[in-house]
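J.: Could you have a look at this structure, given as structure tokens, before my questions?
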């Protein structure tokens with residue numbers, strides 16, 4: 001069974017969490033890409049996966065964005 005946040009959408013990231021999370025590499029803001037299921041750091045050029053509503057904020061797990 002997929003987890004739900006207070007948004008009621010399975011796998012969605014809690015908006016309150018998005019307000020406090022920053023990129024661990026650049027310390028800059030993150031943008032949630034709901035379609036891709038990723039938190040995107042434009043400054044670092046990385047996209048962190050979100051699995052079952054939990055952001056995986058490890059640089060080794062991040063996908064490099066195309067230049």
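Every number here is computed from the coordinates shown, using simple stated rules; none is lab data. For clarity, every value in this text was computed on a predicted model and none was experimentally measured. For neighbour counting, all protein chains shown are included, and Cβ atoms are generated from backbone atoms with ideal geometry for every residue, glycine included.
J.: How do 44-57, 15-28 rank on mean C-beta neighbours within 10 Å, highest first? The partial results should precede the final answer.
T.: Numbers: 44-57: 17.1, 15-28: 12.9.
Put in order of decreasing packing, that is 44-57, 15-28.
J.: Using only Cα atoms, figure out Rg for the stretch 15-64 and give it as a multiple of 2.2 N^0.38 Å. If you can, show how the numbers build up before the last one.
T.: On the way: Rg = 9.5 Å, N = 50, 2.2 N^0.38 = 9.7 Å.
Rounded to two decimals, the normalised Rg is 0.98.
J.: With labels modelled as points extended 7 Å from the Cα through the Cβ direction, what inter-label distance (nm, one decimal) is found for residue 61 paired with residue 36?
T.: According to this spin-label approximation, the distance is 1.7 nm.
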